[in-house]
1. Once you list every other residue whose beta carbon is under 11 Å from the beta carbon of THR71, what net charge do they have if Lys and Arg are +1 and Asp and Glu are -1?
2. Please work out how much length the chain gains when fully extended from ARG90 to SER219, using 0.36 nm per residue of separation minus the C-alpha to C-alpha distance, in nm with one decimal.
3. For VAL98 and TYR53, compute 0.36 nm times the residue count separating them, minus their Cα-Cα distance, and round to one decimal in nm.
4. How far apart, in nm, are two points set 7 Å out from the Cα along the Cα-to-Cβ line at VAL197 and at ARG141?
5. Provide the packing ranking of 78-85, 203-210, i.e. peptides ordered by the mean count of other C-beta atoms within 10 Å per residue, highest first.
6. Could you calculate the FRET efficiency of ASP113 with ASP72 from 1/(1 + (r/R0)^6), where r is the beta carbon distance between them and R0 is 25 Å, rounded to 0.05?
7. Past the 29 Å Cα-Cα mark, which pairs from LYS51/LYS134; LYS94/LYS191; LYS39/LYS191?
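Every number here is computed from the coordinates shown, using simple stated rules; none is lab data. It should be emphasised that the depicted structure is a prediction, and the values quoted were computed from it without experimental measurement. Cβ: placed from backbone, ideal geometry, glycine included. Neighbour counts: every protein chain shown.
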Amino acid sequence: MSEESGTVACEKKERGRGRGHDRRIYGNKWSIKKISGEKNIPQLRAAIGEKAYGHVLEIGSGTGANFPYYTDALRVDAIEPDPKRGKRSRSQIKKAKVPIHLHTAIAEQLPFDENAFDSVVATLVFCTIPDPHKALQEIRRVAKPGARILFLEHVRMPQQVMGKVPDFMAPLWKKAFAGCHLNRDTLSVIKNSELSVTKVELHYKGFLLAINCVNDKQSTPAL
């Protein structure tokens, strides 16, 4: 899938003997526990899903990994630029506790009105968005004043040696994994946007960040 096609969560499809299965690069339970013993990716997704409330927008929903974790949402509108991946998410919709509505769209051009959403969720997707600055502007536009904006993203590690590893791997990684920028400093991109960062949780020695933000734009006075 080309970078221009929009936001795609980093996934690699592996073929096992006699059957196919999806294994998320950062969501393999045994590898994560072996490395750190921290929460695995489904647990981190669940923590974000529980924080999202009201009318929720999900950016780059992929195959619907987050859908079962929304517990306090009234409705979820999920965008995914790849129709094939959207089709594969149908099974996850059946597991959801709330209504899920899929849209084929990119993060830089959201097909929604201003001030439409109480919460916005993006997990392991901003690494692939061609223009993350534009995507954040669009999120701010469609989110209500005071809306929760919740991210789970991998970033370039701050350690000098560890930070150079993704720099070295980035060109090949980008080609292999749907345009994923392994060394993108997503936290700085978010901090330089007009969203207000309220909390940052570090996981796996800073490779994964759970970033909580608030859309602190002013309400538009009624005419």
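1. On the way: positive: LYS51, LYS97; negative: GLU50, ASP72.
Once positives and negatives cancel, what remains is 0.
2. Numbers: separation 129, 0.36 × 129 = 46.44 nm, distance 3.59 nm.
So the chain would gain 42.9 nm between ARG90 and SER219.
3. Details: separation 45, 0.36 × 45 = 16.20 nm, distance 1.09 nm.
Fully extending the segment from VAL98 to TYR53 adds 15.1 nm.
4. 2.5
5. Details: 78-85: 19.5, 203-210: 17.6.
Going by the mean number of other Cβ atoms within 10 Å, highest first, we get 78-85, 203-210.
6. Values: r = 23 Å, r/R0 = 0.90.
The value I calculate is 0.65.
7. Values: LYS51/LYS134 25 Å; LYS94/LYS191 36 Å; LYS39/LYS191 25 Å.
Too far apart for the 29 Å limit: LYS94/LYS191.
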